[in-house]
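The values are calculated or read from the model by the stated rules, or taken from the named source; none is laboratory data. Small disclaimer: the values here were computed from a predicted structure and weren't measured. Here Cβ is always computed from backbone atoms with ideal geometry, including for glycine, and neighbour counts include all displayed protein chains. These area figures cover heavy atoms from the full protein model, side chains too; ligands, DNA and RNA do not enter into them. Shrake-Rupley method; radii C 1.70, N 1.55, O 1.52, S 1.80 Å.
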Amino acid sequence: MRHLFRQLNDQSQLEYNKAQERRTQLKEDHGRLIQEEVEKMERDLAEEQLLTVPQRELLVLTRERQVLVLQIEALHTEAQQAERDLEDQQHRHQRDLQCLREESLEVFRVFRQVSEEQRKMSEGRYRSVLLEAVQDAIYLSAQNQQLQADNKQLRKALGELKDTLVVRGEPNQLLNQQQ
């Protein structure tokens, strides 16, 4: 995702620089055109020495008006270009933002899927260990019951053996066996 962000940022910077160069070139072209028009006006005025003062002033105003119209047109064209560049950049940012959203959602989906798989694996291991523990507890409980039953039976048999020996009159033999 960082790679995508860097790529989008680099692309955006490159497009911004190109647009900036276009606007700069357009401004320079307009500046040269206006300068040429001013120089032409000055040459024309220098050549028109025979004109009366009102005619000369009219010619100056007409030429100045032409220069102002050129400047206004240049500014208008530059503003339109800047507006187009701004709109293009807005569309690119919207597109880039959508790409980042989609990439983020995909990363989240993958993360959630991996987390879910890990949870299921952990749950499966837990159930397996729990089942083994329950089975071991059941087995040990059964073994314990069997051992208790065997002990009970052995005590009963021992008691019966004692009784038999007492009846026979051999209590010393029993004491020797227990030691």
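Of all residues in segment 74-95, which are among the charged types (D, E, K, R) and open to solvent by less than 100 Å² (accessible area, probe 1.4 Å)? Write out each step before concluding.
Restricting attention to segment 74-95, the residues satisfying the condition of being among the charged types (D, E, K, R) are 78, 83-85, 87-88, 92, 95.
Scanning segment 74-95 gives GLU78, GLU83, ASP85, GLU87, ASP88, ARG92.
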Inset, instruction - May I ask you to list pairs of residues, at least six apart or on different chains, whose Cβ atoms are under 8 Å apart, with the first in segment 66-93 being closer than 24 Å to LEU33 by Cβ and the second being of a type in the set (Asp, Glu)? - result: GLN66/GLU37; VAL67/GLU37; LEU70/GLU37
Inset, instruction - Just one of (1) open to solvent by less than 100 Å² (accessible area, probe 1.4 Å); (2) of a type in the set (Lys, Arg); (3) within 30 Å of SER12 (Cβ to Cβ) trips up LYS40, so point out which. - result: (3)
Inset, instruction - Scan segment 62-73 for residues that are open to solvent by less than 90 Å² (accessible area, probe 1.4 Å) and among the β-branched types (Val, Ile, Thr) and jot them down. - result: THR62, VAL67, VAL69
Inset, instruction - Write out, first by first residue and then by second, each pair whose Cβ atoms fall under 9 Å of each other, whose residues are 6+ apart or on separate chains, and whose first residue, in segment 8-27, is surrounded by 12 or more Cβ atoms within 10 Å (Cβ to Cβ) while the second is hydroxyl-bearing (Ser, Thr, Tyr). - result: LEU26/THR77
